[in-house]
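K.L.:
Take this structure first; my questions come after.
The values are calculated or read from the model by the stated rules, or taken from the named source; none is laboratory data. Everything numeric in this text was worked out from a predicted model, so none of it was measured. Backbone-built Cβ (ideal geometry, glycine too); neighbour counts: all protein chains shown. For accessibility, only protein heavy atoms count, side chains too; no ligands or nucleic acids. Shrake-Rupley method; radii C 1.70, N 1.55, O 1.52, S 1.80 Å.
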Amino acid sequence: MLNLSSNALVVLKKRYLKKDEKGEVVETPEEMFRRVARHIASAEKLYNPNAPVEEWEEKFYELMASLKFLPNSPTLMNAGRELGQLSACFVLPIDDSMESIFEAIKHTALIHKSGGGTGFSFSRIRPKNDVVKSTKGISSGPVSFMTVFDAATETIKQGGTRRGANMGILRVDHPDILEFITCKTKTDKLNNFNISVALTDKFMKAVENDEEYELINPRNGTVTGKLRAREAFEKIVEQAWLNGEPGIIFIDRINEKNPTPHIGEIESTNPCGEQPLLSYESCNLGSINLSKFVVSNGNGAFINWDDLRETVRLAVRFLDNVIDVNKFPIPEIEKMTVGNRKIGLGVMGFADMLLELMIPYDLETALEMAEKVMKFIRDVGWETSEALAEEKGVFPNYKGSIFEKMMRKMRNATVTTIAPTGSISLIAGCSSGIEPIFSVCYFKNVLDGEKLVEVNPVFKKFAIKEGFYSEKLIEKIAERGTLRDIEEVPEKFKRVFVSALEISPEWHVRMQAAFQKYTDNAVSKTVNFSRDATKEDIKKVYLLAYKLGCKGVTVYRDGSRENQVVEFKKEEKKEIRYVTPRERPLKVNGATYRMVTGCGNLYVTVNYDELGLFECFAAMGKAGGCAASQAEAVSRMISLALRSGVEPEAIVKQLRGVRCPAPGWTKEGIIYSCADAIARAIELALSEREGFLHRSQEGPPERKISSQEKKALKGIDRIFGICPECGGTTEIGEGCFKCLFCGYSNCY
């Protein structure tokens, strides 16, 4: 019988278990683990027709069902099912051509549909305003193309269960680096991207010496200018302080550890940064739940190293088998992945392990334990990969790799990775990755806004054993987010059960560096800051991470983003502050504009007082009707907004280009609707009124009429605009709008 928490069951039912056509769950957690184990064990037959597949299936099942190890989410979701895509991490190349960019978008869609996340380096794309010889135009730059990837991701649901995620990386020596650093200042943009700046050793040296560094055009390698290194570095720090992005990766350090430099240079990572990959490479991850290897006897708690050794061996074989039974989204990814056979075995439940051993996270003893555990996993993992190489062969790109130079025959180019383990740690009922506990008790936002109550199981066990557990106490801790000043909790537990925000940022970085020392790939770790942390605090962490050998670092200042995944308190009612519109004076000045619409002439009056635009009235040339009432309603709301202090430009931006089935044609172009007409009238008022700033707002591009259409339009008295289905021209006939080209009609 599986020992799953109620929260784990909720996540499994919503994301992982098979459903029928009606969306009803038709699989139990036990059946899920059995399905996965059977599929992964089937790989053994590829190398030995007489392999004891059923024995391996049973071992893999027990490995997962015991919650000692879980693979990444796509493996749990898709193994043994039609989709069959089992990897979580992908990196796609983007070269400096329109063909390459949109080929990458197509491949991104296929990967997201199958359940994976994608990483990109946009560093090869020529900078903004650079020449484009093929069209005699100018480039829009890498940031503009990121928005296209973001829009594509927004429309795709990963395997029907996961929203697509991307990593966007730009080298610090790209001419558009300052635009990239600030591209997520507004939280309504690029929400499907994490972004990181690729810092070079040369740049970091320039920061240290307060020197300038060169910006290089990737199109031709020429120097386009210089930038003071500390200016760029401080801009990164400022943005990270503001909302946690961009993160940073140390790209030269990553490539120093590249196991197959003869195959290519690493330019990007997966969305969370822990998996640097070559172009078209993927990697499947899995994590060992360290909390399962702490046992107790009369002398106290200790680690069962023998059990951990056997688990590492099984997990490495499991992850290697995943490569052989995987269904890859595109052939290029299959070729590169099978060529290097990278796997990423990591850990979760590390904080729980420390708690069981009564070791505070921010203590030298904890760092020593981190190094000891990860070195053990790395060493056993490499030994297992060597054994698999003898049994099944080395990875195809072995010749020329760092392992050939070390004279170690390996099955896998990499073995270890520390991933964030968000969902699988929830299933396993343990702490996430190598993170400290966020709080002893907290409310977690998951899936579609649903909230789950999380109580640290180790604390609960100790509290029950010591006799101070109660629901009232849990509520109190959840609201405060700390054990500090809670009298019911003994002091010895207060020192051990410290939360992420109670641990200094320096200790976060030191812990990441301790794990990185024995991790082949990279370490996903968030350095948590309190709300009142300064930019200087973040700067110190970045420099420390570089000094201690980390491959990258991500920071987060509490409250710096609108929607946190984890929060201490229940949602509280916030006081709503209403705005009172300014009163109308006896007399105002203004102008009335005649706007031609598909429903007839619309007369728009825009008035102003001494503070600016004040109100708007709109009336149709003929009284009554739906269009007249809607125009009046829109203008009333505009007037209310203007009198309440809303910028006229913001109103124009919202209304320009709004379409209806009956646009009108004028000498200046198409009026798409009454709302569009009102917006244009406000624009005219802004441009004509002395003292107001006129900002031209671009509407949808005007559609030129082809010669074929002009011929077809002869003799038609009234043209009503654009067909909503094919974009062709429509006319009125027999009480309907009719398209001249696709046959669309809509009666009025």
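K.L.:
Would a scan of segment 115-127 turn up a residue that is touching a Ser or Thr at 6+ places or on another chain (Cβ under 7 Å) and among the charged types (D, E, K, R)?
P.N.:
Yes, segment 115-127 contains at least one residue that is touching a Ser or Thr at 6+ places or on another chain (Cβ under 7 Å) and among the charged types (D, E, K, R).
K.L.:
Give me a count of the residues in segment 599-641 that are hydroxyl-bearing (Ser, Thr, Tyr), modelled with pLDDT of 85 or more and more than 17 Å from residue 672 (Cα to Cα).
P.N.:
Looking only at segment 599-641, we keep the residues that are hydroxyl-bearing (Ser, Thr, Tyr), and these are 603, 605, 608, 629, 635, 639.
Remaining after also requiring modelled with pLDDT of 85 or more: 603, 605, 608, 635, 639.
Keeping just the survivors that are more than 17 Å from residue 672 (Cα to Cα) gives 605, 608, 639.
Final tally of qualifying residues: 3.
K.L.:
Got a number for residues in segment 509-531 being polar (S, T, N, Q) and either under 23 Å from residue 258 (Cα atoms) or free of Cβ contacts under 8 Å to residues at least 24 places away in the same chain (or both)?
P.N.:
Going residue by residue through segment 509-531, those that are polar (S, T, N, Q) are 512, 516, 519, 521, 524, 526, 528, 530.
So of that shortlist, the ones also either under 23 Å from residue 258 (Cα atoms) or free of Cβ contacts under 8 Å to residues at least 24 places away in the same chain (or both) come out as 512, 516, 519, 521, 524.
Number of matching residues: 5.
K.L.:
Looking only at segment 460-503, which residues are hydroxyl-bearing (Ser, Thr, Tyr) and over 18 Å from residue 350 (Cα atoms)? Don't jump to the end; show me each part of the working.
P.N.:
Filtering segment 460-503 down to residues hydroxyl-bearing (Ser, Thr, Tyr) leaves 469-470, 482, 499.
Hits for segment 460-503 are 469, 470, 482.
K.L.:
Hey, any hits in segment 398-413 for a residue that's at pLDDT below 95 and either in contact with a Leu (Cβ under 6 Å, 6 or more places away or on another chain) or closer than 26 Å to residue 554 by Cβ (or both)?
P.N.:
So in segment 398-413, the residues at pLDDT below 95 come out as none.
No, there is no match, as no residue in segment 398-413 is at pLDDT below 95 and either in contact with a Leu (Cβ under 6 Å, 6 or more places away or on another chain) or closer than 26 Å to residue 554 by Cβ (or both).
K.L.:
Residue by residue through segment 381-412, note down the ones that are part of a helix (DSSP H, G or I), closer than 24 Å to residue 515 by Cβ and open to solvent by 10 Å² or more (accessible area, probe 1.4 Å).
P.N.:
Result: 382, 383, 384, 386, 402, 406.
K.L.:
I've got another one for you. Any idea which of 706, 644 is at pLDDT 65 or above and open to solvent by less than 60 Å² (accessible area, probe 1.4 Å)?
P.N.:
Details: 706 fails: at pLDDT 65 or above.
The match here is 644.
K.L.:
Of everything in segment 84-101, what is within 30 Å of residue 286 (Cα to Cα) and buried (at least 17 other Cβ atoms within 10 Å of the Cβ)? Give them in sequence order. Spell out the reasoning first.
P.N.:
Here is the first cut: in segment 84-101, the residues within 30 Å of residue 286 (Cα to Cα) are 84-94.
85, 86, 87, 88, 89, 90, 91, 92, 93, 94, listed by residue number.
K.L.:
Could you list all residues from segment 24-56 that are assigned to a helix (DSSP H, G or I), under 35 Å from the mean Cα position of the chain (by Cα) and surrounded by fewer than 20 Cβ atoms within 10 Å (Cβ to Cβ)?
P.N.:
29, 30, 31, 34, 35, 38, 42
K.L.:
In this structure, is residue 59 surrounded by fewer than 19 Cβ atoms within 10 Å (Cβ to Cβ), part of a loop (DSSP other than H, G, I, E, B) and among the basic types (Lys, Arg)?
P.N.:
No; evaluated as a whole, the condition is false for this residue.
K.L.:
Let me ask another. Using beta carbons and a limit of 6 Å, which pairs, at least six apart or on different chains, have the first residue in segment 535-558 and in contact (Cβ under 8 Å) with a residue 40 or more places away in the chain and the second one surrounded by fewer than 17 Cβ atoms within 10 Å (Cβ to Cβ) and part of a loop (DSSP other than H, G, I, E, B)?
P.N.:
Short answer, once both residue conditions are applied: 558/530; 558/531.
K.L.:
On to the next question. Scan segment 504-550 for residues that are in a loop (DSSP other than H, G, I, E, B), surrounded by fewer than 24 Cβ atoms within 10 Å (Cβ to Cβ) and among the charged types (D, E, K, R) and report the count.
P.N.:
Adding up the residues that qualify gives 4.
K.L.:
May I ask you to list pairs of residues, at least six apart or on different chains, whose Cβ atoms are under 7 Å apart, with the first in segment 375-397 being among the β-branched types (Val, Ile, Thr) and the second being assigned to a helix (DSSP H, G or I)?
P.N.:
377/312; 380/309; 380/312; 380/313; 384/312; 384/313; 384/316; 384/317
K.L.:
I need a count of the residues in segment 220-269 that are under 20 Å from the mean Cα position of the chain (by Cα) and among the small types (Gly, Ala, Ser).
P.N.:
Within segment 220-269, residues that are under 20 Å from the mean Cα position of the chain (by Cα) and among the small types (Gly, Ala, Ser) number 4.
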